[in-house]
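To start, the structure under review is shown below, and the notes come after it.
The values are calculated or read from the model by the stated rules, or taken from the named source; none is laboratory data. It should be emphasised that the depicted structure is a prediction, and the values quoted were computed from it without experimental measurement. Because the Cβ atoms are built from the backbone with ideal geometry, glycine has one as well, and the counts that use them run over all protein chains shown.
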Amino acid sequence: MADVLKFSVPGKPEYVSTVRMMISSLANTAGFDVEAIEDMKVAVSEACTNVVCHGFSEMGYYEVSCEVNEELIRITVTDQGEGCDLNQYRCPDLDCPKEGGLGLFIIQTLMDDVDISSELGKGTQIQMVKYCRK
């Protein structure tokens, strides 16, 4: 049986660190190792920063949901902002990186499973899964 925690976060940069700390505490309680927790903290920071920079909703809030059981943690970040055309996304050129544009790549690298859905005018949802390796 999974436990689910949901919270609404103001779309301000100063709350990204609060979300990081909540994810860290939750993952620690669930028994994840330090390396996995650090990966989750970076990934969720990137997802939240994307919302603050690109997906800020009219209401000024976005949602973070965490599903936790003994096998995994599933973190979902959802905004009601502009959305984007995911067909336009291209992996960054790591031989010639530019500032910005690495967020989704970082999330996909650090998490075990990532699912991104977005619809223009309706917002974006990033679902990230990390499996517990005990």
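Quick one: would you say Cys91 is at pLDDT below 90, touching a Phe, Trp or Tyr at 6+ places or on another chain (Cβ under 8 Å) and outside any helix (DSSP H, G or I)? Yes: the conditions hold for Cys91.
Is there a residue being at pLDDT 95 or above, among the charged types (D, E, K, R), surrounded by 13 or more Cβ atoms within 10 Å (Cβ to Cβ) and not in a helix (DSSP H, G or I) anywhere in region 2-14? Within region 2-14, none of the residues are at pLDDT 95 or above, among the charged types (D, E, K, R), surrounded by 13 or more Cβ atoms within 10 Å (Cβ to Cβ) and not in a helix (DSSP H, G or I). The lone criterion from (1) modelled with pLDDT of 95 or more; (2) in a strand (DSSP E or B); (3) under 13 Å from the mean Cα position of the chain (by Cα) left unmet by Ala43 is number (2). Do you know which residues across region 99-112 are assigned to a loop (DSSP other than H, G, I, E, B) and modelled with pLDDT of 95 or more? Across region 99-112, the qualifying residues are Met111, Asp112. Is it true that some residue in region 113-120 is of a type outside the set (Asp, Glu), surrounded by fewer than 18 Cβ atoms within 10 Å (Cβ to Cβ), assigned to a loop (DSSP other than H, G, I, E, B) and at pLDDT below 85? Yes, region 113-120 has at least one match.
Among the residues making up region 17-43, those that are under 22 Å from Tyr62 (Cα atoms), buried (at least 19 other Cβ atoms within 10 Å of the Cβ) and either touching a Cys at 6+ places or on another chain (Cβ under 6 Å) or among the small types (Gly, Ala, Ser) (or both) are Val19, Ala27, Ala43.
For region 52-71, state whether one or more residues are among the charged types (D, E, K, R), in a helix (DSSP H, G or I) and at pLDDT below 95. Checking region 52-71: not a single residue is among the charged types (D, E, K, R), in a helix (DSSP H, G or I) and at pLDDT below 95.
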